[in-house]
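Reading through the structure tokens given below for one structure.
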Amino acid sequence: DDIVHVEGSVDPARDIETINLELIFADMEMLERRIDRVTKMMKGDKSLSKEVDLLKALYSHLENGKTARSFERNEDEQKIISEVALISDKPVIYACNMGEDEIAQDVDSNKLYNVVKEIALEEGAGVIPVCAEIEAEIASLDRDEQKAFLEEIGLSESGLDRLISSCYSLLGLISY
């Protein structure tokens with residue numbers, strides 16, 4: 001309730017949609033330039049018509065307000081699309097800022113978190129509950145104090161550690 005929002009209220013579904021639309025518009029610009037360039041190149045190489053058709057289909061998909069990551073494609077098409085480096089084609093993890101009491105108890109009882117979880121499930125995205133207030137406190141402590149603090153509030157690891165682990169997993173990375 002004490003969060004000031006530009007829209008006047010907290011609505012994660014609306015905010016996710018707004019951000020996705022901004023990313024989609026940026027991707028549409030990228031695709032327009034790529035389609036123009038490949039179309040010009042097609043005059044000398046007719047085999048590029050498949051690429052133009054694919055990029056136009058993807059552009060149409062974006063026009064319908066859908067992200068590039070939700071566009072179905074095969075392996076060959078993936079190679080072509082990955083050359084364009086579309087922002088809305090990147091994997092996503094949503095970090096949900098929650099209150100200190102919610103993080104330490106039952107995050108699943110938070111209705112806004114559940115809204116984000118549902119959206120993430122539909123998109124194949126990750127979602128991590130974090131408490132910025134707790135993270136700020138943890139950052140000011142040394143390693144031993146951090147561990148004791150986390151145990152005291154009933155957490156096994158910080159939100160930052162969970163976020164890092166999720167990022168590694170989403171990107172298929174490992175650390176030694």
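The values are calculated or read from the model by the stated rules, or taken from the named source; none is laboratory data. Quick caveat, the model's predicted, so the values are computed rather than measured. Counting neighbours? That spans all protein chains shown, and the Cβs are built from the backbone with ideal geometry, glycine included. Keep in mind that these areas ignore ligands, DNA and RNA; they rest on the heavy atoms of the full protein, side chains included. Shrake-Rupley method; radii C 1.70, N 1.55, O 1.52, S 1.80 Å.
Couple of notes before you dig in:
Yes/no matrix, rows are residues, columns are (1) closer than 30 Å to residue 99 by Cα; (2) in contact (Cβ under 8 Å) with a residue 12 or more places away in the chain; (3) of a type in the set (Phe, Trp, Tyr):
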{"residue": "7", "(1), (2), (3)": "yes, no, no"}
{"residue": "13", "(1), (2), (3)": "yes, yes, no"}
{"residue": "36", "(1), (2), (3)": "no, no, no"}
{"residue": "40", "(1), (2), (3)": "no, no, no"}
{"residue": "44", "(1), (2), (3)": "no, no, no"}
{"residue": "55", "(1), (2), (3)": "no, yes, no"}
{"residue": "64", "(1), (2), (3)": "no, no, no"}
{"residue": "78", "(1), (2), (3)": "no, no, no"}
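- Answer residue from the stretch 155-174, given it is open to solvent by less than 60 Å² (accessible area, probe 1.4 Å) and of a type in the set (Gly, Ala, Ser) and is farthest from the chain's Cα centre (by Cα) among those: 158
- For the stretch 41-94, a residue qualifies if it is basic (Lys, Arg) and modelled with pLDDT under 90, and the qualifying residues are 43, 46.
- Of residues in the stretch 9-60 being small (Gly, Ala, Ser) and open to solvent by 70 Å² or more (accessible area, probe 1.4 Å), the one nearest to residue 114 (Cα to Cα): 47
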